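*Asks:* Can you read through this structure? Questions will come right after.
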Amino acid sequence: MWLSEPICSFRNCLPTKISRQLRRYFVDAKVALCDDFRNLFALHWGKAIGLRVSILASGSSGNITLLETESTRLLIDAGLGKRETLARLAAVEKSVDRLDGILITHEHNDHCSGLPQMLGLWKAPLYVTEPTMEALERTLPETLGKRLRGVEKIQAGQRFCVGDIEVHAFAIPHDAADPIGFTFRADGVKLALVTDLGYMPALVKVHLRDADCLVLESNHDLDMLKVGPYPWVVKQRVLSRTGHLSNHAVSEFLADPDGFDARARFLVLAHLSMENNNPDLARISAEEALSRRPAEFAFEGQLLVASQQVPLAPIQL
Ligand SMILES: [Zn+2]
Ligand SMILES: [Zn+2]
């Protein structure tokens with residue numbers, strides 16, 4: 001943190017054109033700086049910092065997750081309004097006076113509708129890919145531009161640091177401008193967070209390996225979707241290769257030791273559809289898949305289901 005602050009102040013003094021050219025360099029440069037800083041910090045204090053994950057809401061009506069270490073706080077997506085976000089933070093006994101960044105997975109409303117309010121509330125820098133930023137500028141109200149306090153343009157495949165959290169962004173197949181998933185590492189633990197994807201490409205599976213906590217979309221039950229209330233065209237969209245992961249697709253992944261390595265202490269099923277799924281169905285489907293694994297690759301962690309209506313109790317890694 002100390003190291004990145006002077007860099008940010010220095011950059012803000014530069015003419016916009018030079019600042020833009022330097023931005024990529026600084027985002028990349030921070031990787032090395034943050035690694036050194038984190039190691040120094042851990043060496044000096046000699047204790048685990050850990051990662052705490054609070055999924056405040058998950059589903060097609062709003063997504064927002066708070067990620068914390070001792071010194072850094074990040075918000076992943078901003079799909080709820082200010083009042084609801086604050087109420088959910090209070091429900092998990094958090095009052096957030098300062099944020100170090102807001103990271104955006106993609107521009108869909110359920111991930112960004114509260115973004116102008118969140119920026120107004122915390123004045124945190126926004127971490128977003130260029131195509132997603134352009135889509136946000138088209139769809140969100142003008143207040144977005146007025147409330148921006150710095151934009152860090154990121155790319156799929158890129159690794160960067162915010163405070164003592166190392167972030168790795170990777171591409172996912174979804175019908176948005178430039179959708180990404182994230183892994184986060186801090187103090188030797190790893191969180192992987194991936195929702196809103198039509199299928200599981202091999203590269204995504206690689207990113208999810210070695211995670212201590214895996215938050216994975218389990219959006220719909222195929223039968224419920226087929227007979228459910230959605231118009232045919234929406235059903236086709238959800239089912240497509242750029243739609244959403246079904247319970248069935250998740251079960252295929254979880255049952256396969258070559259896909260899911262089962263190292264996670266916490267496996268969280270997320271982004272459940274309220275119309276085309278229910279928590280019991282998603283859980284039973286995942287449990288059945290995990291029970292099919294060979295004994296030597298058994299999953300021994302905790303299986304949780306994130307909710308649209310209420311926050312999940314914070315997970316301490
Ligand atoms: Zn979504
Ligand atoms: Zn989406």
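*Asks:* Select, from Gly243, Gly301, Gly259, the only residue that is in contact (Cβ under 8 Å) with a residue 40 or more places away in the chain, more than 22 Å from Asp110 (Cβ to Cβ) and under 21 Å from the mean Cα position of the chain (by Cα).
*Replies:* Gly259
*Asks:* Looking at the range 130-142, can you tell me whether even one residue there is of a type outside the set (A, V, I, L, M) and on the phi > 0 side of the Ramachandran plot? Give the derivation first.
*Replies:* Going through the range 130-142, the residues of a type outside the set (A, V, I, L, M) turn out to be 130-132, 134, 137-139, 141-142.
Applying the additional criterion that residues be on the phi > 0 side of the Ramachandran plot yields none.
No: zero hits.
*Asks:* May I ask you to list pairs of residues, at least six apart or on different chains, whose Cβ atoms are under 6 Å apart, with the first in the range 187-199 being away from ligand 2 (no atom under 16 Å from the Cβ) and the second being charged (D, E, K, R)?
*Replies:* Hits for this filter: Val189/Asp212; Lys190/Asp210; Lys190/Asp212.
*Asks:* Still on this structure, please answer the following. One residue is enough: does the range 87-95 have a residue meeting the conditions more than 15 Å from ligand 2 (Cβ to nearest atom) and in contact with a strand residue (DSSP E or B) (Cβ under 6 Å, 6 or more places away or on another chain)?
*Replies:* Yes, the conditions are met somewhere in the range 87-95.
*Asks:* Check the range 140-150 and report whether any residue there is closer than 30 Å to Ser246 by Cα, among the hydroxyl-bearing types (Ser, Thr, Tyr) and more than 16 Å from ligand 2 (Cβ to nearest atom).
*Replies:* no
*Asks:* Please find, within the range 196-243, the residue that is farthest from Phe266 (Cα to Cα) out of those that are of a type in the set (Val, Ile, Thr) and not in a helix (DSSP H, G or I).
*Replies:* Thr242
*Asks:* Could I ask something else about it? Which one of these is under 21 Å from Leu272 (Cα atoms), surrounded by 20 or more Cβ atoms within 10 Å (Cβ to Cβ) and among the acidic types (Asp, Glu): Asp175, Asp164, Asp77, Asp100?
*Replies:* So the residue among Asp175, Asp164, Asp77, Asp100 that is under 21 Å from Leu272 (Cα atoms), surrounded by 20 or more Cβ atoms within 10 Å (Cβ to Cβ) and among the acidic types (Asp, Glu) is Asp77.
*Asks:* Also, I was wondering about something else. Please go through the range 94-133 and pick out each residue that is at pLDDT 95 or above and of a type in the set (D, E, K, R).
*Replies:* Scanning the range 94-133 gives Asp100, Glu107, Asp110, Glu130.
*Asks:* Of all residues in the range 96-144, count the ones that are out of contact with any strand residue (DSSP E or B) (no Cβ under 8 Å at 6 or more places or on another chain) and in contact (Cβ under 8 Å) with a residue 60 or more places away in the chain.
*Replies:* Looking only at that region, the number is 3.
*Asks:* Related question: So Ala156 passes all but one of these: (1) surrounded by fewer than 18 Cβ atoms within 10 Å (Cβ to Cβ); (2) part of a strand (DSSP E or B); (3) out of contact with any helix residue (DSSP H, G or I) (no Cβ under 9 Å at 6 or more places or on another chain). Which condition number does it fail?
*Replies:* The failed condition is (2).
*Asks:* Kindly indicate whether Leu126 is more than 16 Å from ligand 1 (Cβ to nearest atom) and more than 19 Å from the chain's Cα centre (by Cα).
*Replies:* No; evaluated as a whole, the condition is false for this residue.
*Asks:* Filter the range 109-138 down to residues that are within 16 Å of ligand 2 (Cβ to nearest atom) and assigned to a loop (DSSP other than H, G, I, E, B) and give me whichever is surrounded by the fewest Cβ atoms within 10 Å (Cβ to Cβ).
*Replies:* Ser113
*Asks:* Turning to a different aspect of this structure: If you go through the range 274-294 one residue at a time, do you hit one that is in a helix (DSSP H, G or I), more than 16 Å from ligand 1 (Cβ to nearest atom), under 24 Å from Ile76 (Cβ atoms) and of a type in the set (A, V, I, L, M)? Write out each step before concluding.
*Replies:* Kept after step one, since they are in a helix (DSSP H, G or I), are these residues of the range 274-294: 279-291.
Narrowing further to those that are more than 16 Å from ligand 1 (Cβ to nearest atom): 279-281, 283-291.
Filter once more, so that each one left must be under 24 Å from Ile76 (Cβ atoms): 279, 283, 286.
Still in the list and also of a type in the set (A, V, I, L, M): 286.
Checked against the condition, which is being in a helix (DSSP H, G or I), more than 16 Å from ligand 1 (Cβ to nearest atom), under 24 Å from Ile76 (Cβ atoms) and of a type in the set (A, V, I, L, M), the range 274-294 yields at least one hit.
The values are calculated or read from the model by the stated rules, or taken from the named source; none is laboratory data. These numbers were taken from a predicted model, which means no experiment stands behind them. No Cβ is skipped: glycine too gets one built from the backbone with ideal geometry, and neighbour counts run over all protein chains shown.
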